[in-house]
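First up is the structure itself, then whatever we jot down about it.
The values are calculated or read from the model by the stated rules, or taken from the named source; none is laboratory data. Fair warning: this is a prediction, and the values are worked out from it, not measured in the lab. Neighbour counts run over all protein chains shown; Cβ positions are idealised from the backbone, glycine included. When the accessible area is computed, the model is the full protein with side chains, heavy atoms only, and any ligands, DNA or RNA have been set aside. Shrake-Rupley method; radii C 1.70, N 1.55, O 1.52, S 1.80 Å.
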Amino acid sequence: VIENRTNNSVFAGMKAMMIEQLKEKMRNGVAHFVYLKKDGSLREAFGTLNRALIDNYINNSGVSREKYQCTAYFDIQACGFRSFRWENIVSIL
């Protein structure tokens with residue numbers, strides 16, 4: 001999917017590995033990462049997917065962002081869910 005959007009298989013493979021690494025970090029706690037926002041600006045984020053940290057915010061009424069080739073995360077600073085497109089991940093800090 002990333003390859004289709006970017007027309008670059010090497011770039012797509014690198015981004016896919018970064019996404020999997022980021023998801024694993026967020027499942028285990030809070031991850032610090034940077035991605036490109038839709039408006040072209042960079043977003044430095046602190047996010048988590050750890051159920052123990054976000055269970056009170058989950059209502060199970062939404063559609064998975066994975067369906068749209070995005071990753072959703074709980075933004076620790078804004079206390080809300082955010083998402084970004086897979087190819088827009090810049091770095092994991």
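Before moving on, here are some points about what is shown:
- Think of a 1.4 Å ball rolled over the protein heavy atoms: the stretch 6-57 then has 64 Å² of accessible area per residue.
- For V90, distant residues with modelled amide H under 5 Å away: V34, Y35, L36
- Rounded if a/c under 1.5, otherwise prolate or oblate - the stretch 8-55, Cα gyration tensor axes: oblate
- Three-way shape call for the stretch 23-80 based on the alpha-carbon gyration tensor, with the a/c threshold at 1.5: oblate
- Computed E for R51/I76 - FRET, C-beta separation, R0 22 angstrom, nearest 0.05: 0.90
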